[in-house]
1. Ignoring ligands, DNA and RNA, what percent of the 1.4 Å accessible area of the chain is carbon and sulfur?
2. What angle, in degrees between 0 and 90 and rounded to the nearest 10, separates the Cα long axis of helix 327-337 from the longest principal axis of the Cα atoms of the chain?
3. What number comes out for accessible area per residue over the stretch 304-418 if the probe is 1.4 Å? Units Å², please.
4. What is the helix-to-structure angle for 40-57, meaning the angle in degrees between its Cα long axis and the longest Cα principal axis of the chain, kept from 0 to 90 and rounded to the nearest 10?
5. Can you give the log10 of the normalised intensity I(q)/I(0) at q = 0.06, 0.13, 0.14 Å⁻¹, computed with Debye over equal Cα scatterers of the chain?
6. Quick one: accessible area per residue over the stretch 158-199, 1.4 Å probe, rounded to a whole number of Å²?
7. For the chain, with only Lys/Arg (+1) and Asp/Glu (-1) charged at the beta-carbon, what is the dipole magnitude about the Cα centre, in debye rounded to 20?
8. Using 0.36 nm per residue of separation minus the Cα-Cα distance, give me the extension gain between Tyr386 and Arg302 in nm, one decimal.
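The values are calculated or read from the model by the stated rules, or taken from the named source; none is laboratory data. Note that the structure is a prediction, hence the values are computed from the model and not measured. A quick note on method: Cβ atoms are made from the backbone with ideal geometry, for glycine too, and the neighbour counts reach across all protein chains shown. Calculation scope for accessible area: heavy atoms of the full protein, side chains included, ligands and nucleic acids excluded. Shrake-Rupley method; radii C 1.70, N 1.55, O 1.52, S 1.80 Å.
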Amino acid sequence: MKRICLLLIIATLITACSKTDKNIDNNGDEDNKEIPRLDEEHLVEEEELDDIKKMIDNMTLDEKIGQLLIIGLDGPKVDEHIERMVKDYKIGGFILFKHNIVDEEQALSLLNSLKSLNSQNPIPLFLSIDEEGGRVSRLPNSFTKLPPAEKVGRRGDKAISLEYGTIIGKRVKALGFNVNFAPVLDVNSNPNNPVIGDRAFGSDKSKVITHGLRVMEGIKEEGILAVVKHFPGHGDTHIDSHIELPIIEKELDELKELELTPFKEAIKKGVDGIMVAHILFPKLDSEYPSTLSNKIIEGLLRNELGFEGLIFSDDMTMGAIVENFSIEEAAVKFLKAGGDVLLICHGYENHLKVIERIKEEILEGRLTEEEIDEKTYRIIKTKKKYGFEDNIIDKIDLELLNSKSKKLLDRIDKKVNP
């Protein structure tokens, strides 16, 4: 009898231990959950990754190179050159500026035309814009004007900042854009800065982090790829990189204390795109500006900060680059440094120069096709993650968008409660 009782006690203890192992989480609390296992969602993700690899294996070298570029248009409609870039070079995407946009109907039609041209390509286009609010706005004048980031940061309301990002996302999405080069995560630490100023959320890093990341989240919530800028930080420059190359004489430790903090936090929050600035940081790399620097892109951004998303160049036709390098030389250096997507915003001849030079570098073994495959993989993976498709949009409800914008303006100006 004693032996039977002992066996029953042992059996009970074993059962209890088994249940405890199943139901206790990492903090030792019961939550009635089973041990985590590979579920259907993970399996689907793995299948998608395999599909991307298969897709890349079936792409020509020209098609892979095409994916690495986002290019600009000369005017407000598709021309022969743009048609050729889509059909022959399978270009990765486009960026529109004010000179490309007349009004909302024309912008909608232009983006629809680009998507139609790309309809035979299984990889959708990046359709991008710089829509920050304030003075950097490319949308038609019929859209209610939003205040600059500095005013949003000064308002100091997280919910308003999130809504600001959501409204920006809705506006660009309504026209057919899927990438927005915003928000600015620079800390406006230099009052003499000619290019950042009120584009930043403030001169205090905590304000930039708090409100910049809320805006980023709002844009992302609308299914728009938010590309934060300008890494490693443009806030302490006194020269406009559109004209010439700025220099920031700061040690890495100093950058970690200020400029890098918003980008570090954005990476923690899952940002999928970061734009690199054309700035020389001699204490980090005495030879090359950030955009062309392996030490800054691969060493700092990829390895030290752990960023795994897409790295975009700032416009490679800006003065900081073309006054110091040939555009094709700079484009190759950006790719070799670890960058993924080149912005070639102006000059049709530049598109062809860059494409031909990249191909030459690969064929002569100075840039490997494996490196190009890695970049192409990240690009396609991101397009799939966001569910980008070249779908035609029939109309835009501008009245509704402007109504939402005006309500937000009232909240920013404290005329109404949230």
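1. Carbon and sulfur together cover 48 percent of it.
2. Approximately 10 degrees, to the nearest ten.
3. On the way: 5570 Å² over 115 residues.
Heavy-atom SASA per residue in the stretch 304-418 reads 48 Å².
4. Taking Cα atoms only, the helix is inclined about 40 degrees.
5. Taken in order of the listed q values, log10 I(q)/I(0) reads -0.28, -1.13, -1.30.
6. Accessible area per residue, the stretch 158-199: 25 Å².
7. So the magnitude is around 1560 debye.
8. 28.1 nm
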